[in-house]
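Below is one structure; the comments refer to it alone.
The values are calculated or read from the model by the stated rules, or taken from the named source; none is laboratory data. Since we're looking at a predicted model, the values are computed, not measured. As a convention, Cβ positions derive from the backbone with ideal geometry for all residues, glycine included, and neighbour counts pool all protein chains shown. Side chains included, ligands, DNA and RNA excluded: accessible areas come from the protein's heavy atoms. Shrake-Rupley method; radii C 1.70, N 1.55, O 1.52, S 1.80 Å.
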Amino acid sequence: MKKYRLLMNGTNYLMAVDGKNLRQGFFQNMVIKADSPKQAERQAISRIWHDAELQAQTLNPPKNPPKVALHTLWELDVAYDDSRIDMERTFYLEKRWWEFWK
C-alpha cells in the first residue's frame, strides 16, 4: 500500500455566507493510503461526499449538484511526515466569467 497526497477541488457549492446564498469552491489537501492513484482519488472523493459538516452547509438543489475533482496528486514516501500538511478546506468565492467585469 502506498501513501498519496491529493489536492481536491470542490466547485459549485451553494452556501449561506453572511446571510446570502453564494457559490463557493474549495481546495482541500488529503493524505490517503491506497494501492493505486485511482483508488486514492476515489477514496478522497468519497470522504468529501460523505462529510456530514459539508453536507449540512450545502444548499444545492438536486438539479444543480456540487462537483468534486482531483486537482493534483503526489505519491509520498512511506516515511514522509504528513503532519505538516494542512488538511483544512480553503473556500473561495466562485464567479462566472462575466462577473469579473462587474
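For this structure, a couple of remarks:
- None of 76, 7, 14, 54 is aliphatic (A, V, I, L, M) and in contact with a Leu (Cβ under 6 Å, 6 or more places away or on another chain) except 14.
- Among residues of segment 12-55 being in contact with a helix residue (DSSP H, G or I) (Cβ under 9 Å, 6 or more places away or on another chain) and assigned to a helix (DSSP H, G or I), the one that is nearest to residue 82 (Cα to Cα) is 48.
- Scanning segment 5-14 for residues that are touching a Lys or Arg at 6+ places or on another chain (Cβ under 8 Å) and either at pLDDT below 95 or among the hydrophobic types (A, V, I, L, M, F, W, C) (or both) yields one hit, 14.
- Unmet requirement for residue 49, which otherwise passes all of (1) free of Cβ contacts under 8 Å to residues at least 40 places away in the same chain; (2) open to solvent by less than 70 Å² (accessible area, probe 1.4 Å); (3) in contact with a strand residue (DSSP E or B) (Cβ under 9 Å, 6 or more places away or on another chain): (2)
- Qualifying residue in segment 52-72 (condition: of a type in the set (D, E, K, R), on the phi > 0 side of the Ramachandran plot and either surrounded by fewer than 12 Cβ atoms within 10 Å (Cβ to Cβ) or in contact with a Gly (Cβ under 8 Å, 6 or more places away or on another chain) (or both)): no
- Among residues of segment 62-82 that are closer than 18 Å to residue 36 by Cβ, those with a Cβ under 9 angstrom from a residue that is in a loop (DSSP other than H, G, I, E, B) and not aromatic (Phe, Trp, Tyr), sequence gap 6+ or separate chain, pair up as 78/1.
- Residue among 79, 69 that alone is part of a loop (DSSP other than H, G, I, E, B) and either hydrophobic (A, V, I, L, M, F, W, C) or at pLDDT 95 or above (or both): 79
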